[in-house]
């Protein structure tokens, strides 16, 4: 089989499949689920992401995305608000991934359902069958596949958590058109309203925080709220304990510097930017586009990977520095106060953490 294979029908994989199809390569797009889920990360679309989506004919506003016009920072009782450089959006991954998958299929990608057991250059071992191709595009997001796992360099790894809160007048009054970052010792929480008025609450924190709470994920949220009254007021809008989704061992700050020939790494398999930057979706789309264009131009996977690593280096490094500062009480306070006193510093950080 000479047709390129894209493993993973999220934003990165769908973007690659779409452009490969437009280029006449008849790609096969494989995902483990027939129904599109709602991934934990990526519910905020920066102005750069929105621009890229519009070029595809996929306008976030048409999909029902909520406009986001300012960044609101919290550290304990301190607060700062900074206007975003341009209009951004809150949109669930379910809606975004559905639209991009449908667009890729409409452009000519062949969609298949299978769960990959392992991946190697030229071969995907699926539960249904073996898939062979000289060009495999690995776009499995934060989920690693056996044979191509990313390194884990710390025992106290980052943990991702997400709770979706139903629409309410109180939530709207609190959040409005802001993307909120609640900074606390050991992590941070991002909150944004999405289509229909629901609130997407995502946290990145250390695994030790979950252990300290006895493995109770809702107790982690309550523990964060005890020291952060603004966050507590948002969580209090939930009438009952809500389901909490988690993903473990997130290698924030990791970048694939190279790859095996024939294996193109996309999205979080190419670069994992700390989510407080709000640039994960832009990196996903940019990597999918760059990989597809490299393949269509006859360039090898290794050449693409090294080039994309250079593009991702600045935004990932800036976001990683801010993440580590925000994990400490003094750093979180310094970021919040600096943003309040000199708003242009926050805007500069936002611009520097965008991928070109």
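Just so you know, all these numbers are worked out from the coordinates, no wet-lab data involved. Computed from a predicted structure; not experimentally measured. Every residue, glycine as well, gets a Cβ built from its backbone with ideal geometry; the counts of neighbours run over all protein chains shown.
Under a point spin-label approximation (7 Å from Cα along Cα-to-Cβ), what is the residue 115-residue 338 distance to one decimal in nm?
4.5 nm
Please give the residues of segment 21-41, grouped as numeric ranges, whose backbone N is less than 20 Å from a label point set 7 Å along the Cα-to-Cβ vector of residue 245.
Answer for this model: 30-41.
Report the far tail of the P(r) of segment 209-356, meaning the percent of Cα-Cα pairs longer than 18 Å.
Counting pairs separated by more than 18 Å, the tail of P(r) holds 66 percent.
So what's the convex hull volume per residue for the Cα atoms of segment 4-153, in Å³?
Per residue, the Cα convex hull of segment 4-153 comes to 140 Å³.
Which whole number in µm²/s is D for segment 84-198 by Stokes-Einstein, with the Kirkwood Rh taken over Cα pairs at 37 °C and 0.692 mPa s?
180 µm²/s
Per DSSP H run of at least 4 residues, take -39500 (n - 2.57); add these up for the chain, divide by its residues and hand me the 222 nm value, nearest 500 deg cm²/dmol.
Result for the chain: -11500 deg cm²/dmol, rounded to the nearest 500.
With an 8 Å Cα cut-off and a minimum separation of 6 or more residues, compute the relative contact order for segment 183-251 in percent.
Relative CO of segment 183-251 lands at 20 percent.
Ranked highest first by average number of other Cβ atoms within 10 Å, how do 165-173, 253-261 line up?
253-261, 165-173
Contact order normalised by length for the chain, with contacts defined as Cα pairs under 8 Å and 6 or more residues apart; what percent is it? Intermediate values should be presented prior to the final figure.
On the way: 794 pairs, mean separation 81.1, N = 356.
RCO, the chain: 23 percent.
Between residue 59 and residue 211, what is the label-to-label distance in nm when each label sits 7 Å out along the Cα-to-Cβ direction?
Result for the modelled spin labels: 5.1 nm.
Can you tell me the order of 134-143, 193-202, 69-78 when each peptide is scored by its average per-residue count of other Cβ atoms within 10 angstrom, highest first?
Details: 134-143: 23.3, 193-202: 20.9, 69-78: 19.0.
So the order, starting with the most tightly packed, is 134-143, 193-202, 69-78.
Given a cut-off of under 8 Å on Cα pairs at least six residues apart, what relative contact order in percent is computed for segment 210-356?
Once normalised by length, the contact order is 21 percent.
Just want the ordering: 230, 324, from fewest to most Cβ atoms lying within 10 Å of their own Cβ.
324, 230
Given the options 334, 284, 204, state which has the largest fluctuation in a GNM of the chain using a 10 Å cut-off (strictly under) for Cα springs.
334
Above 15 Å lies some portion of the pair distances; for segment 1-84, what is it as a whole percent of all C-alpha pairs?
Looking at segment 1-84, the distances longer than 15 Å represent 70 percent of pairs.
Given 0.36 nm per residue, what is the gain on full extension from residue 143 to residue 356 after removing their alpha carbon distance, in nm?
Using 0.36 nm per residue and subtracting the Cα-Cα distance, I get 74.1 nm.
Using the eigenvalues of the Cα gyration tensor, what equivalent ellipsoid semi-axes result for segment 287-356 when each is taken as the square root of five times the eigenvalue, whole Å, largest first?
Gyration-tensor ellipsoid for segment 287-356: 35, 12, 7 Å.
Would you mind ranking 149, 320, 107 so that the residue whose beta carbon has the fewest other beta carbons within 10 Å leads the list?
149, 107, 320
Compute the normalised compactness of the chain: alpha-carbon radius of gyration over 2.2 N^0.38 Å, N being the residue count.
Against the compact-globule rule of thumb, the ratio is 0.96.
Mind listing P(r) for segment 168-233? All alpha-carbon pairs, 10 Å bins, whole percents.
Bins of 10 Å from zero give 20, 51, 25, 4 percent of pairs.
Kindly put 325, 281 in sequence by how many other C-beta atoms sit within 10 Å of each C-beta, fewest to most.
Ascending Cβ contact count within 10 Å gives the list 325, 281.
So for segment 130-205, what percent of the C-alpha to C-alpha distances run longer than 21 Å?
51 percent
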